[in-house]
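Data block below; observations after.
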Amino acid sequence: MTLTPAPPGTLHSRLAWAITDAWVITCRDLAHWARQPGAVIANTLLFPILIVLMFGYLLGGAMTVPGGGDYRDFLMPGMFAMTMVFGIGATLAAVSADAARGITDRFRSMPMATSAVIAGRAAADMLNSAAALAVLTGCGLMVGWHPHRGATRAVAALALLLLLRFAFVWTGIYLGLTYYRNPEAVTAARTLEFPVGFLGNPFVAISTMPAWLSAIAQWNPLSSTVSAARQLFGDPTGSHPSWITDHAVLMAVAWPLLLIAVFFPLSLHRYRHLSR
Amino acid sequence: MGTSAIACEGLCKRFGKATALGGLDLAVPEGAVYGLLGPNGAGKTTAVRVLATLLRPDSGHARVAGFDVARQAAQVRARIGLAGQNAAVDEILSGRQNLVMFGRLYHLPIGAARRRADELLAQFALTEAAGEPVRQYSGGMRRRLDLAASFIVAPRVLFLDEPTAGLDPHGRNEVWQTIRTLAGGGTTVLLTTQYLDEADQLADAIAVIAAGRVVAEGTPGDLKSLAGGDRIDVVLRDAGDLVPAARLLQARFRADVRLDNDSRELSVPVTGRLATLTEIIRSLQDENITAEDITVRRPTLDEAFLYLTGQQPPSSGTAAPAPASPSSLPR
Ligand SMILES: Nc1ncnc2c1ncn2[C@@H]1O[C@H](COP(=O)(O)OP(=O)(O)O)[C@@H](O)[C@H]1O
Ligand SMILES: [Mg+2]
């Protein structure tokens with residue numbers, strides 16, 4: 001018996017081949033969720049929901065937003081963005097575990113399209129994040145938050161958040177394929193996600209920060225997405241006039257595109273030349 | 001046989017200062033089970049990774065199933081199976097889900113992938129556990145699933161990198177059985193191992209490698225002769241006689257006599273078996289030294305390994321089987 005698969009010839013069939021491969025990889029992740037729904041909820045949703053409840057109800061009363069507005073409304077876009085940040089760790093952990101355990105090598109030794117494994121991973125992570133965003137939006141609506149400037153702008157805000165996530169997918173894939181031999185590095189990267197939030201504007205307004213911190217926070221890509229989402233949802237922005245906050249939507253597109261331009265080719269290169 | 005299923009010439013690969021492959025040459029005939037035997041760090045994994053298109057060599061050429069691993073990687077990948085050093089299967093999915101996924105990645109239609117998965121599950125004695133998550137499998141079951149995954153398209157060439165590393169003796173036996181079955185179907189198997197008896201059990205031919213080069217090649221029997229011919233083991237009645245007897249035989253045969261105090265045993269390398277045997281008996285009698293037992297034997301693979309690689313064979317840790325005792329002394 002021989003089942004030797006014939007590699008595709010034409011461009012069209014090669015593309016179809018790559019898409020099938022990527023889809024099978026994506027389905028693998030969907031099957032993980034079906035097998036372990038609890039882990040998915042704990043990993044991606046529990047934390048932002050807890051934060052919304054904690055900051056919004058326990059501490060929110062004591063927090064004021066410069067320029068006026070409700071702290072809970074100020075916080076929601078920040079939590080959406082933090083959920084995107086936590087995605088880096090999820091991507092990183094999945095990618096490095098596969099690489100460390102030889103699964104990536106098995107894929108690489110099979111007649112698959114080169115880009116399919118990381119493309120499939122990216123698609124799975126985007127689906128996961130879209131679902132997380134949907135659940136978090138639901139939570140927000142339940143605690144009284146809602147978009148003020150219409151559905152189109154709200155959808156645009158969600159799209160910018162997912163664009164940021166897409167950039168983080170490639171960051172996570174690159175880091176995972178680079179540091180998988182070193183579990184401490186993987187843990188460190190996951191631990192750093194939270195401080196990254198404090199070096200930006202998801203929790204507090206930049207105008208309340210000391211000068212050195214506000215300089216960092218302004219140029220944190222996360223801050224641009226959060227500011228843009230606040231503007232598009234019509235939530236309080238914690239007024240901080242500066243060039244970068246005035247062009248928040250532009251920067252919320254530019255930053256992720258820049259990250260993608262850097263980390264997508266690096267990830268592909270790492271995948272092709274993965275050494276043990 | 002004629003054509004080689006695996007052929008490589010002068011493969012070199014360095015990692016910084018470490019030389020993993022220092023000019024590896026191999027020619028594995030179609031249908032053979034070929035053992036790549038070497039101590040830890042000898043370059044076995046690097047060799048497998050180069051041959052399985054995962055790693056580019058710094059220099060040298062390799063052809064697998066008739067295709068160049070560097071320039072025709074896609075054709076090679078369509079014809080090989082790989083089971084790496086650890087079982088590369090998804091722990092969360094079930095055994096069946098794993099095999100169906102890999103089947104689909106070989107572009108079998110979904111129905112065919114499912115049928116093939118069930119076939120393999122039966123062939124590898126995993127049908128009962130097919131629906132369980134792999135996390136719950138024993139080490140031996142995981143390995144068998146890993147082998148099944150590498151065998152989905154019945155590859156022309158199968159690479160197995162230390163397939164029994166970390167298994168208990170029971171798991172190892174199961175995996176050996178599986179490998180014999182796979183090899184019986186005509187697939188060429190390249191198997192790496194640190195264990196001499198594993199190579200002896202499974203391989204038709206063995207290449208011993210050290211520092212990324214082949215230092216000896218042949219059948220297990222050939223390698224035993226390479227280690228320096230036959231030996232005669234003499235067990236003495238009195239331990240006190242060991243040293244004088246060793247001196248005597250050393251002078252008599254100008255050979256490197258080894259002695260073992262615990263078993264009161266001397267081991268003498270010899271050329272002419274019977275002539276030497278009578279000489280030894282006579283010399284000892286002349287000195288009034290009593291021998292309890294005398295055996296003529298071929299060297300063990302352990303001795304061959306020691307001789308060829310200049311290293312101790314891996315000690316019998318949890319996974320390693322104890323080397324067969326060379327002595328005929330009843331215990
Ligand atoms: N990715 C790597 N980076 C650095 N050194 C490596 C790498 N892979 C292998 N080596 C080195 O190359 C040599 C051969 O390794 P390997 O092929 O794994 O041997 P084996 O599988 O026989 O134990 C060792 O000295 C090892 O340390
Ligand atoms: Mg190895």
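Tabulated results
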item	result
Qualifying helices (runs of 4 or more DSSP H) (wholly inside segment A:42-152; at least 1 residues being more than 14 Å from every other protein chain (Cβ to nearest Cβ))	A:47-53, A:71-100, A:116-142
Any chance B:LYS17 is closer than 24 Å to A:ARG270 by Cβ, touching a helix residue (DSSP H, G or I) at 6+ places or on another chain (Cβ under 6 Å), among the charged types (D, E, K, R) and within 16 Å of ligand 1 (Cβ to nearest atom)	no
Members of segment B:129-145 that are modelled with pLDDT under 95 and over 11 Å from B:GLU91 (Cβ atoms)	B:SER138, B:GLY139, B:GLY140, B:MET141, B:ARG143, B:ARG144
Test: A:TRP33 is assigned to a helix (DSSP H, G or I) and over 21 Å from the mean Cα position of the chain (by Cα)	no
Residue pairs meeting the criteria (Cβ under 9 Å; at least 6 apart or on separate chains; first basic (Lys, Arg), in segment B:6-31; second away from ligand 1 (no atom under 11 Å from the Cβ) and not in a strand (DSSP E or B))	B:LYS13/B:ARG56; B:LYS13/B:PRO57; B:LYS13/B:ASP58; B:ARG14/B:ASP58
Breaking point among (1) part of a helix (DSSP H, G or I); (2) touching a Lys or Arg at 6+ places or on another chain (Cβ under 8 Å); (3) touching a residue at least 40 places away in the same chain (Cβ under 8 Å), for B:LEU121	(3)
Odd one out for B:PHE102 among (1) part of a helix (DSSP H, G or I); (2) more than 21 Å from A:ILE118 (Cβ to Cβ)	(2)
Selection from segment B:145-180 of residues that are within 13 Å of B:LEU82 (Cα to Cα) and either within 16 Å of ligand 1 (Cβ to nearest atom) or in a loop (DSSP other than H, G, I, E, B) (or both)	B:PHE151, B:ILE152, B:VAL153, B:ALA154, B:PRO155, B:ARG156, B:PHE159, B:LEU160, B:ASP161, B:GLU162, B:PRO163
Residue satisfying condition, being more than 16 Å from ligand 2 (Cβ to nearest atom) and more than 9 Å from chain A (Cβ to nearest Cβ), within set B:SER94, B:SER59	B:SER59
Helices (runs of 4 or more DSSP H) within segment A:164-276 that include 1 or more residues within 14 Å of another protein chain (Cβ to nearest Cβ)	A:248-272
In segment B:146-177, residue farthest from B:ARG96 (Cα to Cα) [restricted to those that are more than 14 Å from chain A (Cβ to nearest Cβ) and touching a Lys or Arg at 6+ places or on another chain (Cβ under 6 Å)]	B:THR164
Selection from segment B:37-58 of residues that are in a loop (DSSP other than H, G, I, E, B) and polar (S, T, N, Q)	B:ASN40, B:THR53
Subset of segment B:181-198 [part of a strand (DSSP E or B) and within 16 Å of ligand 2 (Cβ to nearest atom)]	B:LEU190, B:LEU191, B:THR192, B:THR193
Check on A:LEU232, within 30 Å of A:HIS273 (Cβ to Cβ), surrounded by 18 or more Cβ atoms within 10 Å (Cβ to Cβ) and modelled with pLDDT of 90 or more	no
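The rows are residues; the columns are (1) touching a helix residue (DSSP H, G or I) at 6+ places or on another chain (Cβ under 6 Å); (2) away from ligand 2 (no atom under 16 Å from the Cβ); (3) facing chain A (nearest Cβ under 10 Å).
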position: B:ASN40; (1), (2), (3): no, no, no
position: B:ARG49; (1), (2), (3): no, no, yes
position: B:ARG71; (1), (2), (3): no, yes, no
position: B:ALA88; (1), (2), (3): yes, no, yes
position: B:LEU99; (1), (2), (3): yes, yes, no
position: B:ALA113; (1), (2), (3): yes, yes, yes
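Let's see how each residue does on (1) in contact (Cβ under 8 Å) with a residue 12 or more places away in the chain; (2) crowded, with 24+ Cβ neighbours inside 10 Å; (3) more than 15 Å from ligand 1 (Cβ to nearest atom):
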{"residue": "B:GLY35", "(1), (2), (3)": "yes, yes, no"}
{"residue": "B:ALA42", "(1), (2), (3)": "yes, yes, no"}
{"residue": "B:ARG49", "(1), (2), (3)": "no, yes, no"}
{"residue": "B:VAL64", "(1), (2), (3)": "yes, yes, yes"}
{"residue": "B:PHE67", "(1), (2), (3)": "yes, no, yes"}
{"residue": "B:ARG71", "(1), (2), (3)": "no, no, yes"}
{"residue": "B:ALA78", "(1), (2), (3)": "yes, no, yes"}
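The values are calculated or read from the model by the stated rules, or taken from the named source; none is laboratory data. Keep in mind that this is a model prediction, so the values were computed, not measured. Neighbour counts are summed over all protein chains in view; Cβ atoms, including those assigned to glycine, are modelled from backbone coordinates with ideal geometry.
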